[in-house]
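The values are calculated or read from the model by the stated rules, or taken from the named source; none is laboratory data. Everything numeric here is computed off the predicted structure, so don't read it as measured data. Backbone-built Cβ (ideal geometry, glycine too); neighbour counts: all protein chains shown.
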Amino acid sequence: MTSESVLKKNLTQYLVEQQRQKKTVTADVRLLLETVARACKAIGHAVSKGALGGVLGSLDSENVQGEVQKKLDVLSNEILLEANEWGGNLAAMASEEMDTLHRIPDYYPKGENLLLFDPLDGSSNIDVNVSIGTIFSVLSVPPEARDRVIEEQDFLQPGVRQVAAGYAIYGPQTMLVLTVGDGVAAFTLDKEMGSWVLTTERITIPEDTSEFAINMSNMRHWEAPVKRYIDDCLAGPEGPLGKNYNMRWIASMVADVHRILTRGGIFMYPRDARASGRKGKLRLMYEANPMSFLVEQAGGMSIDGTQRILDVQPTELHQRIGVILGSRNEVERVRQYHEQG
Ligand code: AHG
Ligand code: MN
Ligand code: MN
Ligand code: MN
C-alpha cells in the first residue's frame, strides 16, 4: 500500500481545490459543506443502528406537511441544526421537518448563507431497511437582508441561485454526492478513517435511457401527457417509442436519483389531480431544487412538466411541484408530450 492509496483525495481536498483554483466556493461555504457532511456521517451512523439504536418507528407528532414523523426524521433534523448553529457561516436554516425558518441564536455569529434540507428522505423506507438519505441546498442571504433579521421570504429564491446542493445516501455504501456549480462529484465514506473519499470526480448522466421511475398506483391521478407517455413506454418495441422499457421505483427520491445519476433513467413524480391545487408530492425548496441542480450539472434535465424547475420563482417555503428529471433526451421527450397537451 502506498501513501497515495491511504491518503486518497477526500472532501476537504476537493473543496479546497474548488475554493483555490475554481473560485466556486468561499471559505465560509467550504466549512458549511464540511459541517453538513459531518452531520450526515452522524445521521448515517444512527440509521445503521436501526432497532439496536432505538431509532425505528414513528412518533405521535405530525410535520407541517401533514405527515406522521418518524423518530429518524426528528433526530436527523436535530443533528443538522446542532451541527450547523455554531459555525458562523449561516444566517438561518429551513427544513421539511420544521414549520418555519430556524434563525441562528444570538449567542453565535451569523454568516451570509442559508441552508435548507430534507433531513431524512424516504421515511417510508426506514422501517423496511431500504436506502434512505439526506438532501441539502445552500443559498446566499439576499444583499438587502444582510443587515436585518432574516425572514422566510429571504429563502424564496429560484433554484438557479443555489450556491451548492447535494445529498447523502445511506445504502450498502454511505455516499455523498455534491455540486458547487462545477459538475457533480461523488464521495464514499471510509468508515474506518471517517473520511469522505472522492470516488467519482465528475458524474455524467447518459443522455438516453430505457428505464422510467414512477409510482404506477397514482395512474388515475395523472394528467393526459404523463398517461400517454407511460402507455407508450409500456407498448414496447411495437409501440411509438420502438423499444422495451424497464421500471424502477424505490420510493426514496435520493435512491432513485442516485441510480439515474449513475446509469441514466427518468424519474417522475408528476403533479396530479388529487387534493385541489396540490402541485405534486415533492417539495420545491429542499427536494426538487437541489436534485435539479445536481441533475443539470451532470448533463441531465429537470422540469415540472413544461418549465425548467430551477427557473421556478418560489412563493411558499414548503410548496410542492411536479418533478420529471433525468436523461436529457428522455425528459425532453416528455416535455414534448406536455406541449402536445
Ligand atoms: P420524505 O420521506 O422526505 O417525505 O420524501 C418521500 C418522497 C420521496 O423520497 C419519494 O420519491 C416519494 O416521497 C415517494 O412517494 P410515494 O411513497 O407516494 O411513492
Ligand atoms: Mn424527501
Ligand atoms: Mn424527509
Ligand atoms: Mn416526509
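I'm trying to understand the selection: among the residues of region 91-141, which are closer than 16 Å to Lys70 by Cα, among the aliphatic types (A, V, I, L, M) and within 15 Å of ligand 3 (Cβ to nearest atom)?
If the condition is that a residue be closer than 16 Å to Lys70 by Cα, among the aliphatic types (A, V, I, L, M) and within 15 Å of ligand 3 (Cβ to nearest atom), then Met98, Leu120, Ile126, Val130, Ile132 are the ones that fit.
Residue check: is Lys71 under 30 Å from Val149 (Cβ atoms) and either in contact with a Gly (Cβ under 8 Å, 6 or more places away or on another chain) or hydroxyl-bearing (Ser, Thr, Tyr) (or both)? Can you show your working first?
On the way: under 30 Å from Val149 (Cβ atoms): no; either in contact with a Gly (Cβ under 8 Å, 6 or more places away or on another chain) or hydroxyl-bearing (Ser, Thr, Tyr) (or both): yes.
For Lys71, the condition - under 30 Å from Val149 (Cβ atoms) and either in contact with a Gly (Cβ under 8 Å, 6 or more places away or on another chain) or hydroxyl-bearing (Ser, Thr, Tyr) (or both) - is not met.
Within the group Thr209, Thr179, Thr204, Thr199, which residue is of a type outside the set (A, V, I, L, M) and either free of Cβ contacts under 8 Å to residues at least 40 places away in the same chain or more than 30 Å from Pro270 (Cβ to Cβ) (or both)? Reasoning before the result, please.
Numbers: Thr209 fails: either free of Cβ contacts under 8 Å to residues at least 40 places away in the same chain or more than 30 Å from Pro270 (Cβ to Cβ) (or both); Thr179 fails: either free of Cβ contacts under 8 Å to residues at least 40 places away in the same chain or more than 30 Å from Pro270 (Cβ to Cβ) (or both); Thr204 fails: either free of Cβ contacts under 8 Å to residues at least 40 places away in the same chain or more than 30 Å from Pro270 (Cβ to Cβ) (or both).
One residue alone meets the criteria, Thr199.
Here's a check for you: in region 250-276, which residue that is farther than 20 Å from Pro225 by Cα and without any contact (Cβ under 8 Å) to a residue 60 or more places away in the chain is farthest from ligand 4 (Cβ to nearest atom)? First the steps, then the outcome.
The first filter runs over region 250-276 and keeps only residues farther than 20 Å from Pro225 by Cα, leaving 250-264.
The next check asks that each one be without any contact (Cβ under 8 Å) to a residue 60 or more places away in the chain; those that pass are 256, 259, 262-263.
Numbers: Asp256: 15, Arg259: 20, Thr262: 24, Arg263: 26 Å.
Taking the candidates together, the pick is Arg263.
Among all residue pairs at least 6 apart or on different chains, which show Cβ distances below 9 Å where the first residue, located in region 109-128, is free of Cβ contacts under 8 Å to residues at least 40 places away in the same chain and the second is part of a strand (DSSP E or B) and more than 8 Å from ligand 1 (Cβ to nearest atom)?
Lys110/Leu90; Lys110/Ala91; Lys110/Ala92; Lys110/Arg103
Say we look at region 277-301 and pick out the residues that are more than 16 Å from ligand 4 (Cβ to nearest atom) and surrounded by fewer than 24 Cβ atoms within 10 Å (Cβ to Cβ); which of these is farthest from Ile205 (Cα to Cα)?
Gly277
Out of region 15-66, which residues are in a helix (DSSP H, G or I), of a type in the set (S, T, N, Q) and loosely packed, with under 14 Cβ neighbours inside 10 Å? Can you show your working first?
In the first step, residues of region 15-66 are kept if they are in a helix (DSSP H, G or I); the result is 15-22, 27-53.
Imposing the further condition that a residue be of a type in the set (S, T, N, Q) reduces the set to 18-19, 21, 35, 48.
Residues satisfying the conditions are Gln21, Ser48.
Any residue in region 79-101 that is assigned to a helix (DSSP H, G or I), within 16 Å of ligand 1 (Cβ to nearest atom) and within 21 Å of the chain's Cα centre (by Cα)?
The first filter runs over region 79-101 and keeps only residues assigned to a helix (DSSP H, G or I), leaving 79-85.
Pick out the ones that are also within 16 Å of ligand 1 (Cβ to nearest atom) and you get 79-80.
Narrowing the set further to residues that are within 21 Å of the chain's Cα centre (by Cα) leaves 79-80.
Within region 79-101 (the criterion being assigned to a helix (DSSP H, G or I), within 16 Å of ligand 1 (Cβ to nearest atom) and within 21 Å of the chain's Cα centre (by Cα)), the answer is yes, since at least one residue qualifies.
Could you tell me which numbered condition Phe136 fails, if it satisfies all but one of (1) under 30 Å from Asp232 (Cβ atoms); (2) within 14 Å of the chain's Cα centre (by Cα)?
So the condition that Phe136 fails would be (1).
Contact list please: Cβ distance under 6 Å, first residue in region 57-76 and in contact (Cβ under 8 Å) with a residue 24 or more places away in the chain, second residue of a type in the set (Asp, Glu), pairs at least six apart or on different chains.
From region 57-76, the pairs are Asn63/Glu97; Val64/Asp99; Asp73/Glu97.
Residues in region 239-268 that are touching a strand residue (DSSP E or B) at 6+ places or on another chain (Cβ under 7 Å), within 16 Å of ligand 2 (Cβ to nearest atom) and part of a loop (DSSP other than H, G, I, E, B): how many?
Qualifying residue count for the region: 2.
I want to confirm something. Restricting to region 217-238 and keeping residues that are touching a strand residue (DSSP E or B) at 6+ places or on another chain (Cβ under 9 Å) and in contact (Cβ under 8 Å) with a residue 40 or more places away in the chain, which single residue is nearest to Asn125 (Cα to Cα)?
Per the stated criteria, the residue is Asn218.
Determine which member of the set Ser61, Ser95, Ser76, Ser3 is touching a strand residue (DSSP E or B) at 6+ places or on another chain (Cβ under 9 Å), modelled with pLDDT under 95 and of a type in the set (Gly, Ala, Ser).
Details: Ser95 fails: modelled with pLDDT under 95; Ser76 fails: modelled with pLDDT under 95; Ser3 fails: touching a strand residue (DSSP E or B) at 6+ places or on another chain (Cβ under 9 Å).
After ruling out the rest, the residue left standing is Ser61.
Within region 77-102, how many residues turn out to be touching a residue at least 40 places away in the same chain (Cβ under 8 Å) and closer than 20 Å to Leu284 by Cα?
Total meeting the criteria: 8.
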